[in-house]
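The values are calculated or read from the model by the stated rules, or taken from the named source; none is laboratory data. It should be emphasised that the depicted structure is a prediction, and the values quoted were computed from it without experimental measurement. Note that each Cβ is placed from the backbone with ideal geometry, even for glycine, and that neighbours are counted across all protein chains shown. In case anyone asks, the SASA skips ligands and DNA or RNA and just uses the protein heavy atoms, side chains included. Shrake-Rupley method; radii C 1.70, N 1.55, O 1.52, S 1.80 Å.
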Amino acid sequence: MVEGMRVSVMEKCPLIICLLVLFPIIGNAQEESDFSMSITSIMQYQRNKKMGKVSTTPFRQFGLKPINIHYAIDETDSCRMWGYHVAANLDFDKSTHKLYRIFKRKDTKSFAVIDYHGMKNDKTCLLVFWNKKYYRTIVNDLKKIGFVMELEKNHGNVLRFRKENISVLVDVVVWGDIYLVEVK
């Protein structure tokens, strides 16, 4: 009888080992992946937009969804908003707040984009986020492609990234509660 039980346990052993190996893999597969966006594709999009070339927005490929918030902007303004894990800031008042304050983060992966199209002759693409990891990734990516960082003289919280012979400019604005990246 004991021998019969050993055989049955031994037969189940490979199944148990498989389950023990697969549980961590399945658990990781079900975790929400970190959001990632390529700053170089945003810069290419911005360059095409400045040159007047018709260009499809790269935001959907990064998982961002269009946000319809026509109530927050003037009818004469032309901008599109995209978001990932963001909610509406119910305290937003367009007469006293900057437009990027319309977003409220849901979690650490929250990310939003305000894509201006000729808004008061401004064609800036503004990235809005709350996670320092995104800030570090963007800054490191800019440095890798040869952009040089300099502090803006009048504002200690603005980092300017410039590269010789490149028409696209990038400013990173660091506030205590939010990060902004202006690609212009």
From (1) closer than 11 Å to residue 179 by Cβ; (2) part of a strand (DSSP E or B); (3) at pLDDT below 95, pick out the condition that doesn't hold for residue 128. (3)
Within segment 86-105, restricting attention to residues that are open to solvent by less than 50 Å² (accessible area, probe 1.4 Å) and assigned to a loop (DSSP other than H, G, I, E, B), which residue is farthest from residue 66 (Cα to Cα)? 92
Checking residue 98 against (1) modelled with pLDDT under 85; (2) over 25 Å from residue 61 (Cβ atoms), only one condition comes out false. Which one? (1)
Output the residue which, of all residues in segment 139-182 that are touching a helix residue (DSSP H, G or I) at 6+ places or on another chain (Cβ under 8 Å) and not hydrophobic (A, V, I, L, M, F, W, C), is surrounded by the fewest Cβ atoms within 10 Å (Cβ to Cβ). 167
What pairs come up if the first residue lies in segment 39-68 and is farther than 15 Å from residue 127 by Cβ and touching a residue at least 60 places away in the same chain (Cβ under 8 Å), the second is β-branched (Val, Ile, Thr) and open to solvent by 20 Å² or more (accessible area, probe 1.4 Å), and their beta carbons are under 9 Å apart, counting only those six or more places apart or on different chains? 47/166
Just to be sure, is residue 123 open to solvent by 80 Å² or more (accessible area, probe 1.4 Å), in contact with a strand residue (DSSP E or B) (Cβ under 7 Å, 6 or more places away or on another chain), in contact (Cβ under 8 Å) with a residue 24 or more places away in the chain and not aliphatic (A, V, I, L, M)? yes
Any residue in segment 136-164 that is at positive phi sitting within a Cβ distance under 6 Å of a residue that is surrounded by 12 or more Cβ atoms within 10 Å (Cβ to Cβ)? List the pairs, counting only those 6 or more apart or interchain. 146/163
All positions within segment 128-156 that are among the hydrophobic types (A, V, I, L, M, F, W, C) and out of contact with any Asp or Glu (no Cβ under 8 Å at 6 or more places or on another chain): 128, 129, 138, 139, 142, 145, 147, 148, 149, 151
